[in-house]
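Before any comments, here is the structure.
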Amino acid sequence: MRTNRRAKVSVVIPVYGVEKYIERCVRTLFGQTLDDMEFIFVNDCTPDCSIDLLCSVLEEFPQRKEQVRIINQPHNMGAAKAREVGIKAATGEYIIHCDSDDWVDCDMYRQMYEKAKADNLDYVICRSVCYTDGINHTLITDTISDNREQFIEDMLHSKTTVSLWSRLVKAATYQSDRIMIPCGHMMEDRAYSIQIAYFSKSYGYVEGPLYYYFQHGDSVCGRKDEASLVRNFKDAAENMVVIEKFFKREGVYPRYSKALCQAEFVVMGFLMPLLEKSNKYRNMWMNTFPKAVKAIWRSPMIGFSLKVKSFLIYTGICPVIYRLKRIILVWQK
């Protein structure tokens with residue numbers, strides 16, 4: 001039954017090419033112990049039966065029908081744009097994201113919402129589990145600093161979680177016009193999470209784990225072909241620019257500039273598998289983040305082997321070394 005009562009939690013779920021996984025996901029969403037919810041599925045012009053499967057499962061949960069909204073994108077625009085559309089459409093008190101190939105604990109949103117209300121928090125973080133094949137898994141145990149500046153720096157250093165699906169955030173924060181919207185798919189979670197932390201006065205976390213992240217080869221992050229690696233690099237680079245512009249706008253760039261260089265080096269890593277074999281993307285690697293390239297040699301955060309590989313890429317001899325190693329391996333056999 002529809003009521004005028006505001007939803008406690010809005011969940012934004014991008015949908016594209018997930019017919020293998022979406023039934024598992026939506027069953028755990030519709031089976032939540034928290035009643036007053038809103039589920040916003042953003043159909044990014046999925047070419048498969050994902051939406052049909054979603055609607056089929058929804059028939060099993062009649063009490064959720066009035067809480068479900070399906071927004072159809074005019075054309076495929078990527079997960080980052082789908083999240084943006086979902087955030088703007090959300091009417092709940094808090095907003096959180098869920099990837100449609102993952103699944104959640106049935107008590108996840110109740111625990112997080114009640115923690116937020118009990119402690120008057122702007123956002124709440126939960127623990128998660130990473131599955132690589134649906135069976136074997138790893139508990140993600142990131143440290144969450146109580147110091148906001150350190151927490152932001154840890155996000156840049158990849159020392160703690162940046163995932164949007166682990167953050168229950170006040171809608172007023174997400175929907176503020178002070179948030180600089182990420183543009184590409186890769187690293188958009190980092191761009192959002194850093195800004196959320198910056199603007200929030202209070203945050204906390206609940207133990208768990210409550211979210212189950214399914215890492216597989218079909219996902220954007222899992223693809224390792226040349227076109228995907230280059231696209232991921234470009235998308236991530238665009239979001240690093242968003243973060244840099246945000247820091248400069250807020251007058252805190254000097255505080256985070258070194259950590260930002262470290263994050264940029266992580267992005268440069270997307271191209272390294274290609275640069276081992278060819279210099280085709282060497283100029284892109286060197287010129288996208290010139291400050292990060294200069295900082296490689298003196299950064300204590302970058303290991304010796306990565307510095308050596310970076311030197312080989314910088315000098316253009318990495319493909320030669322790669323071919324020599326291949327010849328030696330063949331000769332040894």
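The values are calculated or read from the model by the stated rules, or taken from the named source; none is laboratory data. This structure is a prediction, so every number in the text was calculated from the model and none was measured. Cβ coordinates were reconstructed from backbone atoms using ideal geometry, including for glycine residues, and neighbour counts include every protein chain displayed. Just the protein is used for accessible areas: all its heavy atoms, side chains included, with ligands, DNA and RNA removed. Shrake-Rupley method; radii C 1.70, N 1.55, O 1.52, S 1.80 Å.
Can you tell me which residues in the stretch 98-117 are of a type outside the set (D, E, K, R), under 19 Å from Tyr205 (Cβ atoms) and crowded, with 21+ Cβ neighbours inside 10 Å?
Cys98, Val104, Met108, Tyr109, Met112, Tyr113, Ala116 - these are the residues of the stretch 98-117 that are of a type outside the set (D, E, K, R), under 19 Å from Tyr205 (Cβ atoms) and crowded, with 21+ Cβ neighbours inside 10 Å.
Only one of Asp225, Asp189 is surrounded by 15 or more Cβ atoms within 10 Å (Cβ to Cβ) and without any contact (Cβ under 8 Å) to a residue 40 or more places away in the chain; which?
Asp189
Just one of the numbered conditions (1) modelled with pLDDT of 95 or more; (2) among the charged types (D, E, K, R); (3) within 24 Å of Gln175 (Cβ to Cβ) is not true of Asp52; which one?
Status for Asp52: all satisfied but (3).
Quickly run through the stretch 295-309 and pick out the residues that are within 19 Å of Asp154 (Cα to Cα) and either open to solvent by less than 60 Å² (accessible area, probe 1.4 Å) or among the polar types (S, T, N, Q) (or both).
Hits for the stretch 295-309 are Ala295, Ile296, Ser299, Ile302, Gly303.
Could you list, in sequence order, all residues of the stretch 228-241 that are open to solvent by less than 60 Å² (accessible area, probe 1.4 Å) and either touching a Lys or Arg at 6+ places or on another chain (Cβ under 6 Å) or in contact (Cβ under 8 Å) with a residue 40 or more places away in the chain (or both)?
Across the stretch 228-241, the qualifying residues are Leu229, Val230, Asn232, Phe233, Asp235, Ala236, Ala237, Asn239, Met240.
Would you please name the residue that is least open to solvent (accessible area, probe 1.4 Å), looking only at residues in the stretch 1-49 that are of a type in the set (S, T, N, Q) and within 21 Å of the chain's Cα centre (by Cα)?
Result: Ser10.
Picking from Asn120, Asn136, which residue would you name as being over 17 Å from the mean Cα position of the chain (by Cα) and at pLDDT 95 or above?
Among Asn120, Asn136, only Asn120 is over 17 Å from the mean Cα position of the chain (by Cα) and at pLDDT 95 or above.
For the stretch 261-284, which positions are outside any helix (DSSP H, G or I) and surrounded by fewer than 17 Cβ atoms within 10 Å (Cβ to Cβ)?
Glu276, Lys277, Ser278, Asn279, Lys280
Residues to consider are Ile144, Ile95; find the one that is of a type in the set (Val, Ile, Thr), at pLDDT 90 or above, open to solvent by less than 60 Å² (accessible area, probe 1.4 Å) and within 18 Å of Ile196 (Cβ to Cβ).
Only one candidate passes the filter, namely Ile95.
Return a yes/no flag: does the stretch 242-251 have any residue that is among the β-branched types (Val, Ile, Thr) and surrounded by fewer than 20 Cβ atoms within 10 Å (Cβ to Cβ).
no
Here are the criteria: (1) open to solvent by 30 Å² or more (accessible area, probe 1.4 Å); (2) at pLDDT 95 or above. Tell me which single one Arg323 does not satisfy.
Condition (2) is where Arg323 drops out.
Yes or no, residue by residue, for (1) touching a strand residue (DSSP E or B) at 6+ places or on another chain (Cβ under 7 Å); (2) of a type in the set (Phe, Trp, Tyr):
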| residue | (1), (2) |
| --- | --- |
| Asp154 | no, no |
| His157 | no, no |
| Leu164 | yes, no |
| Leu168 | yes, no |
| Tyr174 | yes, yes |
| Asp177 | no, no |
| Ile181 | no, no |
| Gly184 | no, no |
| Glu188 | no, no |
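Within the stretch 147-158, how many residues are surrounded by fewer than 17 Cβ atoms within 10 Å (Cβ to Cβ) and charged (D, E, K, R)?
The qualifying residues number 2.
Only one of Ile181, Ile194 is of a type outside the set (S, T, N, Q) and open to solvent by less than 10 Å² (accessible area, probe 1.4 Å); which?
Selected residue: Ile194, the only one of Ile181, Ile194 that is of a type outside the set (S, T, N, Q) and open to solvent by less than 10 Å² (accessible area, probe 1.4 Å).
From the set of residues in the stretch 159-198 that are part of a loop (DSSP other than H, G, I, E, B), small (Gly, Ala, Ser) and under 12 Å from the mean Cα position of the chain (by Cα), which is farthest from Asp99 (Cα to Cα)?
Checked the stretch 159-198; the qualifying residue farthest from Asp99 (Cα to Cα) is Gly184.
Answer yes if at least one residue in the stretch 285-307 is closer than 23 Å to Ala80 by Cβ, in contact (Cβ under 8 Å) with a residue 24 or more places away in the chain and not in a helix (DSSP H, G or I), and no otherwise.
yes
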